[in-house]
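**Q** One structure, pasted below without further comment.
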Amino acid sequence: MFDILKRNFKGGVHPKENKKYTESKPIEEIPLPEEVIIPLQQHIGKPSKIIVNKGDKVNAGDPVSEAGGFVSVPCHASISGTVKAIQPHIHPLGGEVNSVIIESDGEDKYSEKIEFNPDYMNLPAEEMKNMIYEAGIAGMGGATFPTHVKLSPPPEKKIDTAILNGSECEPYLTSDHRLMLEKTEEIIEGFRIIMKILGVNRGIVGIENNKPDAIKKMEDVSSKFPEIGVVSLDVKYPQGAEKQLIYALTRRKVPPGKLPMEVGCLVQNVGTAKAVYDAVAFKRPLIDRVVTVAGDITHQKNLNVRIGTPLKNLTDYCGGFVNSPKKIIIGGPMMGIAQHSLNAPVIKGTSGIIILRSEQIGFGKTTPCLNCGKCVEICPMNLTPNIIASLVENGRIEDAGEYNALDCIECGCCSYICPARINLVQNIKFAKFKIMQEAKK
Ligand code: SF4
Ligand code: SF4
């Protein structure tokens with residue numbers, strides 16, 4: 001059905017994949033934590049609003065907060081037990097966020113609302129969308145944009161192509177790879193639900209060709225649905241970034257500052273599709289996810305983890321660090337966020353915990369720019385990272401905006417390639433923050 005010959009995009013880099021350590025490790029269920037920390041903000045948008053009190057008894061899947069606005073989602077208890085406290089707690093994306101802390105009763109009881117509906121595919125699209133909202137689903141590839149909002153494009157923006165993102169282009173991460181192998185039917189059903197909600201009859205699954213087993217399994221399971229095609233993509237970072245993926249699969253270019261709906265596309269991650277299936281077929285909220293634990297750790301694994309589990313539970317379960325870690329990152333090493341405490345919890349967007357030694361970090365002594373032009377050559381957004389970073393360093397934030405700093409997708413390719421070891425993306429992120437701060441004023 002699909003005539004897709006080009007599977008690539010301009011720019012990008014080829015960092016060492018480091019996926020071999022976990023790609024063949026089946027997903028393991030981590031023991032139930034004694035306590036979970038459920039931050040009220042795990043998504044892009046307004047924080048959710050608390051609806052429980054200290055001392056309340058909850059079951060896994062019960063809501064503990066409601067959406068704080070249209071661009072927001074509710075959060076749920078991920079274990080059964082008692083609300084021990086409602087207080088600010090360290091958050092993996094930085095700072096402290098008001099959180100519901102639940103002490104386990106060890107019984108792992110689930111909300112009575114969770115039950116299988118064999119007729120789920122015949123539910124009206126609006127009802128499906130509402131179930132996705134009530135399940136608290138936010139993009140699980142790391143972007144954490146509320147899924148029900150993404151599935152509600154304005155009527156004038158006609159979507160004709162749904163894209164399922166199975167590229168998982170960040171080094172080390174294999175959680176989506178394992179999910180595609182072990183939960184294939186659920187992912188394809190979730191994708192069909194997404195397509196039904198959008199009213200589209202063209203679905204493309206994009207998977208990097210370093211996962212031939214996942215490509216085969218996804219092809220086998222989707223073969224009975226002629227409206228879905230699986231496409232093998234070249235291995236290149238950031239193949240999984242929305243605009244690059246859309247271009248690689250459809251040759252459509254999302255204009256600067258615009259969303260994929262401008263070109264009739266909508267992208268969802270494979271983990272999100274699985275969560276969508278759970279929500280619509282079972283009324284099961286998003287209370288767990290798969291996390292890759294890799295790097296300098298005794299046993300590298302893929303774990304299924306309850307949302308709110310402290311990061312330390314994962315690293316302990318994996319046998320602890322081999323050496324004293326220089327850097328701990330959640331997400332992948334290219335775009336992930338450095339952690340300062342293992343007391344931070346797993347949240348809906350946590351795809352991995354990567355432990356790096358000093359020689360693996362890559363940023364050494366910085367020298368002045370060599371004007372080699374490599375950062376310009378590889379920038380997948382056609383930006384001039386060297387010029388933007390230099391403007392930022394000289395306090396010329398407004399001028400950095402003129403050079404389209406806001407279009408930066410923060411992929412980190414420029415910093416990765418720079419022989420002068422300049423952390424260009426850090427400067428560009430700062431420019432974006434300042435420009436947006438100014439715009440809000
Ligand atoms: S400027 Fe932004 S988009 Fe371009 S390579 Fe650097 S981080 Fe990526
Ligand atoms: S890659 Fe680094 S050294 Fe080369 S032009 Fe860009 S900033 Fe300068």
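**Q** Arrange the residues 93, 383 by how much accessible surface each exposes, largest first, with a 1.4 angstrom probe.
**A** The ordering from most to least exposed comes out as 93, 383.
**Q** What is the stretch 135-282's relative contact order, in percent, from Cα pairs under 8 angstrom and six or more apart in sequence?
**A** Reported as a whole number, the value is 36 percent.
**Q** For the pair residue 404 and residue 44, how long in nm is the line joining their label points, each one 7 Å along Cα→Cβ?
**A** 1.8 nm
**Q** Hey, can you rank 52-61, 131-140, 245-254 by average C-beta count inside 10 Å, highest first?
**A** 131-140, 245-254, 52-61
**Q** At a probe size of 1.4 Å, how large is the accessible area of residue 418, to the nearest 10 Å²?
**A** 20 Å²
**Q** Then there's this: Read phi for every residue in the stretch 226-236 and hand back ³J(HN,Hα) as whole Hz from Karplus 6.51 cos²θ - 1.76 cosθ + 1.60, θ = phi - 60°, with x for Gly and Pro.
**A** Whole-Hz 3J(HN,Hα) from phi for the stretch 226-236: x, 7, 10, x, 9, 10, 7, 9, 4, 8, 7.
**Q** Would you mind telling me the share, in percent, of accessible area of the stretch 205-279 contributed by carbon and sulfur at probe 1.4 angstrom?
**A** Using a 1.4 Å probe with all protein chains present, the stretch 205-279 comes out at 54 percent carbon and sulfur.
**Q** Give, in nm to one decimal, the length gained when the segment between residue 366 and residue 119 is fully stretched (0.36 nm per residue of separation minus the Cα-Cα distance).
**A** Full-extension gain reported as 82.9 nm.
**Q** Residue 89: accessible area at probe 1.4 Å, nearest 10 Å²?
**A** Counting only protein heavy atoms, the figure is 40 Å².
**Q** Further question: Here are some pairs, 16/243; 10/283; 348/440; which of them have Cα atoms lying more than 30 Å apart in this structure?
**A** 10/283
**Q** To the nearest 20 Debye, how big is the dipole of the stretch 25-103 about its Cα centre, given +1 on the beta carbon of each Lys and Arg and -1 on that of each Asp and Glu?
**A** Dipole about the Cα centre, nearest 20: 260 debye.
**Q** Here's a follow-up. Among 397, 38, what's the order by accessible area (1.4 angstrom probe), most exposed first?
**A** 397, 38
**Q** What are the residues whose amide H is under 5 Å from the amide H of residue 346, where those residues sit 5 or more places off or on another chain and H is modelled from the backbone?
**A** 308, 309, 311
**Q** Dipole of the chain (Lys/Arg Cβ +1, Asp/Glu Cβ -1, origin at the Cα centre): which of 43, 181, 240 lies farthest to the positive side?
**A** 240
**Q** Multiply the residue gap between residue 87 and residue 304 by 0.36 nm, knock off their C-alpha separation, and tell me the result in nm, one decimal place.
**A** Stretched fully, the residue 87-residue 304 segment lengthens by 75.5 nm.
**Q** I want to check the label-to-label distance for residue 312 and residue 209. Put each point 7 Å from Cα in the C-beta direction and report it in nm to one decimal.
**A** According to this spin-label approximation, the distance is 4.6 nm.
**Q** Let me ask something else about it. For the stretch 36-52, what does the Karplus curve 6.51 cos²θ - 1.76 cosθ + 1.60, with θ = phi - 60°, yield as ³J(HN,Hα) per residue in whole Hz, taken in order and with x for Gly and Pro?
**A** 10, 10, 9, x, 6, 10, 10, 9, 6, x, 6, x, 6, 10, 5, 10, 10
**Q** Another one. Going by Cβ distance under 4.7 Å, what cysteines of the chain have no possible disulfide partner?
**A** Taking the Cβ cut-off of 4.7 Å, the unpaired cysteines of the chain are 75, 169, 265, 318, 369, 372, 379, 408, 411, 413, 418.
**Q** Gain in length, residue 437 to residue 376, computed as 0.36 nm per residue apart minus the alpha-carbon separation, to one decimal in nm?
**A** This chain segment gains 19.3 nm when fully extended.
**Q** Please list 116, 70 from largest to smallest accessible area, probe radius 1.4 Å, with all protein chains kept in place.
**A** Most to least solvent-accessible, the answer reads 70, 116.
**Q** Using only DSSP helix segments of four residues or longer, with each worth -39500 (n - 2.57), what per-residue ellipticity at 222 nm results for the chain after dividing by its residue count and rounding to 500? Spell out each step's value before the answer.
**A** Working: 14 runs with 123 residues, N = 441.
After summing the helix terms and dividing by the residues of the chain, the value is -8000 deg cm²/dmol.
**Q** Taking the Cα centre of the chain as the origin and placing charges on Cβ (Lys, Arg +1; Asp, Glu -1), which of 71, 111, 101 is farthest toward the positive end of the dipole?
**A** 71
**Q** Summing Lys, Arg as +1 and Asp, Glu as -1, what charge do residues with Cβ under 11 Å from the Cβ of residue 197 carry, residue 197 excluded? Before the final figure, lay out the partial values.
**A** Details: positive: 129, 150, 192, 196; negative: 126, 127.
In short, +2.
**Q** How many nm is it between the label spots at residue 109 and residue 20, if each spot is 7 Å from the Cα in line with the beta carbon?
**A** Placing both labels 7 Å beyond Cα along the Cβ direction yields 5.0 nm.
**Q** Treating the beta-carbon of each Lys and Arg as +1 and of each Asp and Glu as -1, no other charges, what is the dipole magnitude of the stretch 173-266 about its Cα centre, to the nearest 20 debye?
**A** Value, rounded to 20: 380 debye.
**Q** Right, another one. Taking θ as phi - 60°, what are the ³J(HN,Hα) couplings along the stretch 256-265 by the Karplus curve (6.51, -1.76, 1.60), each to the nearest whole Hz, with x for Gly and Pro?
**A** x, x, 10, 9, x, 4, 4, 10, x, 10
**Q** While we're on this one: So what is the accessible area of the chain per residue, in Å², with the probe set to 1.4 Å?
**A** Details: 19340 Å² over 441 residues.
Each residue of the chain exposes 44 Å² on average to a 1.4 Å probe.
**Q** Would you work out the charge dipole size for the stretch 374-440 about its Cα centre, treating the Cβ of every Lys and Arg as +1 and the Cβ of every Asp and Glu as -1, and quote it to the nearest 20 debye?
**A** Values: 7 positive and 8 negative charges, 45 e Å.
Charge dipole of the stretch 374-440: 220 debye, to the nearest 20.
The values are calculated or read from the model by the stated rules, or taken from the named source; none is laboratory data. Everything numeric here is computed off the predicted structure, so don't read it as measured data. Here Cβ is always computed from backbone atoms with ideal geometry, including for glycine, and neighbour counts include all displayed protein chains. For the accessible areas, the whole protein counts, side chains as well, though only heavy atoms, and no ligand, DNA or RNA atoms are used. Shrake-Rupley method; radii C 1.70, N 1.55, O 1.52, S 1.80 Å.
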